[in-house]
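Structure first, commentary second.
The values are calculated or read from the model by the stated rules, or taken from the named source; none is laboratory data. Small disclaimer: the values here were computed from a predicted structure and weren't measured. We place every Cβ from the backbone using ideal geometry, glycine too, and count neighbours over all the protein chains shown. Keep in mind that these areas ignore ligands, DNA and RNA; they rest on the heavy atoms of the full protein, side chains included. Shrake-Rupley method; radii C 1.70, N 1.55, O 1.52, S 1.80 Å.
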Amino acid sequence: NAGVMQNPRHLVRRRGQEARLRCSPMKGHSHVYWYRQLPEEGLKFMVYLQKENIIDESGMPKERFSAEFPKEGPSILRIQQVVRGDSAAYFCASSPYRDNDQPQHFGDGTRLSIL
Amino acid sequence: SQQGEEDPQALSIQEGENATMNCSYKTSINNLQWYRQNSGRGLVHLILIRSNEREKHSGRLRVTLDTSKKSSSLLITASRAADTASYFCATEGSSNTGKLIFGQGTTLQVKP
């Protein structure tokens, strides 16, 4: 069973460019969560999506950030016009359904560096 | 907003010793979970304890939860060098959105 797959593992962008981060959940999982981790810190929730729906985006910055989870294909976290402060590790997690007490399964993350 | 905080921030022990990490949080929760993160990797789920449970065991792991004090502890017994990692507690609130709130983590080093 393949786990949560994120790509790329490392992404380098210059200020002002766009960054696209991809996440393929575990097979059979239809719930996806994105988190951001700054150096030496814990993970911060960004957004929770089901297929074709955004359920909770309370952790997403108001501008430049967007997320989608289409009917077919991976979930995408998109950051437009990146700035140095966007440098972080971005983790995706998935779960098979939304129920209390359901652990989330994490990918190995995308490390985004902004030059 | 609720926030998990772990202490200590860093812990260094010898192989074979026990390691105890603590976590505190601020608001009501459905459950509290512990995750491990090896350097450069994603998080691995270790154990989940529900709000109506007080203690849970899994192999060499023992987790306690005190909802009156809003705190939890993770005990790793007979530690091994392979246990070297960062450990995070995460709480799931009562809003049932799946949103996990993570603490800052405890970095554990187990010396062979």
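Of the residues making up region B:21-37, those that are open to solvent by 50 Å² or more (accessible area, probe 1.4 Å) and under 21 Å from B:LEU75 (Cα atoms) are B:ASN22, B:ARG36.
Within region A:1-11, being more than 19 Å from A:LEU49 (Cα to Cα) and open to solvent by less than 60 Å² (accessible area, probe 1.4 Å) holds for A:PRO8, A:LEU11. Residues of region B:68-111 that are open to solvent by less than 10 Å² (accessible area, probe 1.4 Å), among the polar types (S, T, N, Q) and assigned to a strand (DSSP E or B): B:SER72, B:THR91, B:THR106. Residues of region B:40-67 that are part of a loop (DSSP other than H, G, I, E, B), closer than 24 Å to A:SER94 by Cα and either modelled with pLDDT of 95 or more or at the interface with chain A (Cβ under 9 Å from one of its Cβ atoms) (or both): B:GLY40, B:ARG41, B:GLY42. Among the residues of region A:55-93, those identified as open to solvent by less than 60 Å² (accessible area, probe 1.4 Å), closer than 27 Å to B:SER51 by Cα and modelled with pLDDT under 95 are A:ASP56, A:GLY59.
Against the numbered list (1) within 10 Å of chain B (Cβ to nearest Cβ); (2) open to solvent by 80 Å² or more (accessible area, probe 1.4 Å), A:PHE45 comes up short only at (2). Output yes when any residue across region A:17-38 is of a type in the set (S, T, N, Q) and open to solvent by 70 Å² or more (accessible area, probe 1.4 Å), and no when none is. Scanning region A:17-38 turns up at least one residue that is of a type in the set (S, T, N, Q) and open to solvent by 70 Å² or more (accessible area, probe 1.4 Å).
Listed here are the residues, each with its yes/no results for (1) in contact (Cβ under 8 Å) with a residue 40 or more places away in the chain; (2) closer than 18 Å to A:SER24 by Cβ; (3) in contact with a strand residue (DSSP E or B) (Cβ under 7 Å, 6 or more places away or on another chain).
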{"site": "A:GLU41", "(1), (2), (3)": "no, no, no"}
{"site": "A:VAL47", "(1), (2), (3)": "no, yes, yes"}
{"site": "A:LYS62", "(1), (2), (3)": "no, no, no"}
{"site": "A:SER66", "(1), (2), (3)": "no, no, yes"}
{"site": "A:PHE69", "(1), (2), (3)": "no, yes, yes"}
{"site": "A:ARG84", "(1), (2), (3)": "yes, no, yes"}
{"site": "A:ALA88", "(1), (2), (3)": "yes, no, yes"}
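All of B:ASN30, B:ASN22 fail the test of being under 16 Å from B:PHE102 (Cα atoms), more than 11 Å from every other protein chain (Cβ to nearest Cβ) and not in a loop (DSSP other than H, G, I, E, B), apart from B:ASN22.
Note on region A:1-93: enclosed strands (runs of 3 or more DSSP E) holding 1 or more residues that are of a type in the set (S, T, N, Q) are A:5-7, A:19-24, A:31-37, A:43-50, A:53-56, A:65-68, A:75-79. The set of residues in region B:68-101 that are over 17 Å from the mean Cα position of the chain (by Cα), closer than 19 Å to B:GLU53 by Cα and away from chain A (no Cβ under 14 Å) contains only B:SER68. Confirm whether A:ARG14 is within 24 Å of A:SER113 (Cα to Cα), open to solvent by 60 Å² or more (accessible area, probe 1.4 Å), of a type outside the set (Ser, Thr, Tyr) and more than 11 Å from the chain's Cα centre (by Cα). For A:ARG14, the condition - within 24 Å of A:SER113 (Cα to Cα), open to solvent by 60 Å² or more (accessible area, probe 1.4 Å), of a type outside the set (Ser, Thr, Tyr) and more than 11 Å from the chain's Cα centre (by Cα) - is met.
Residue pairs whose Cβ atoms lie under 8 Å apart, separated by 6 or more positions or on different chains, with the first residue in region B:42-57 and closer than 15 Å to B:SER71 by Cβ and the second open to solvent by less than 70 Å² (accessible area, probe 1.4 Å) and in a loop (DSSP other than H, G, I, E, B), are B:SER51/B:THR67.
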